[in-house]
């Protein structure tokens, strides 16, 4: 898949990694369409990138996804790639108070059901293209979780598994399935994360990740070096050590 010549839909493309991917891929020649829930940040992104199209979409809303898929394919019939980037991450506490199930349900609806529903709505359109791509964004926390964000980690582990299954199912088609698994990156996904000294600078992540994504042949997984300790923790027998680093006692 040549992403530099693709027409790419990026959910959550109005901030953080999503906006960074949108601008980097547009800089390589791709036609980019972004979505976001926040009107102000979406408009700011579009104002800064005159050639970019944008839509206000809530990926946690099943009906909105169905109507949006019909709209975006009608207005952009050349669309042949989607990057499922939109996601939320919230701290949860099991003790002493009860789990906040609203956080659980909201996170699953956004991080897991959103990509599945949007993929389902776009598959028929992508099947008619000479080449197409479905790109999921998981996380290093899919492989070694952060204990105070259990539902986030669970949704990212599920997205990893789902991507593997979807890739196998589509192996004889024109549709590539790619998974991007970021490490901790300096964005505002969680409060203060952009100033976390342990976080990978966003620019460094984008440079490495986009180079990997645009490689020929297209990779199954986009893994920057900073995420490899998490990605390989089980295989290398280092799970407990990496878990302890992420979750100090």
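Odds and ends about this structure:
- Each Cα pair under 8 Å and six or more residues apart adds its separation to the average, and for the chain the resulting relative contact order is 19 percent.
- Using only alpha-carbon positions in the chain, the gyration tensor eigenvalues give semi-axes of 28, 20, 18 Å once each is multiplied by 5 and square-rooted (largest first).
- 0 to 90° range, to nearest 10: angle between helix 16-27 axis and the chain longest Cα axis: 30
- Measuring between their Cα centroids, the range 178-249 and the range 67-99 lie 20 Å from each other.
- Order of 41, 64, 165, 138 under a 10 Å beta carbon neighbour criterion, fewest first: 165, 41, 64, 138
- Rounded, prolate or oblate (a/c below 1.5 giving rounded, otherwise prolate when a/b exceeds b/c) for the range 137-216 by Cα gyration tensor: oblate
- As a rough footprinting exposure proxy, the listed residues 198, 37, 28 were ranked by other beta carbons within 10 Å of their own, and the order from fewest upward is 198, 28, 37.
Throughout, read-outs are computed from the coordinates displayed, never taken from laboratory work. This one's a predicted model, so the numbers in the text were calculated from it and none came from an experiment. Ideal geometry is used to build each Cβ from the backbone, glycine not excepted, and the neighbour counts take in all protein chains shown.
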